[in-house]
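Reading through the structure tokens given below for one structure.
Laboratory data are not the source of any read-out in this text; all were calculated from the coordinates shown. Every value quoted in this text rests on a predicted model; they were computed, and no experiment measured them. Cβ: placed from backbone, ideal geometry, glycine included. Neighbour counts: every protein chain shown.
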Amino acid sequence: EKDELDTRRELLMQAMAALNDREKDILVQRRLSETPVTLEELSESYGVSRERIRQIEVRAFEKLQGRMRELARGKGMLIPA
């Protein structure tokens, strides 16, 4: 189990490289933080609307998922349905 967790962490770090700095920051603060930052706080920080932050977060998460799948397939971790 520890090996699998380590592998998943490694894949996550590699997949994060597919995101730009703003996407990484928003995703980390909204989904990977113990105390998530609100859309309002991030919108003030970036000078954009809450809706724009939400859109960036969704797109970044989708990009991250896609990249994680690619990397996992490359390591033989996913079995095609």
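For the pair E51 and M77, the difference between a 0.36 nm per residue extended length and the Cα-Cα distance amounts to 5.9 nm.
Looking at the range 1-31, which GluC sites (Glu not before Pro) are DSSP coil and have at most 10 other C-beta atoms within 10 Å of their C-beta?
Values: sites: E1, E4, E10, E23; in loops: E1.
Taking the range 1-31 and a limit of 10 other Cβ atoms within 10 Å, the loop GluC sites (Glu not before Pro) found are E1.
Among the listed values (i) 14.5, 43; (ii) 11.8, 36; (iii) 16.6, 48, the one computed from these coordinates for Rg and Dmax of the Cα atoms in Å is (i).
For K2, the aspartates and glutamates whose Cα falls under 14 Å of its own Cα, not counting residues fewer than eight places away in the same chain, are E10. With a cut-off of 12 Å on the backbone N, the residues of the range 29-61 near the modelled label site 7 Å out from N20 along Cα-Cβ are 56, 60. Of the trypsin sites (Lys or Arg not before Pro) found in the range 40-81, the ones in coil according to DSSP and having at most 15 other Cβ atoms within 10 Å of their Cβ are K75.
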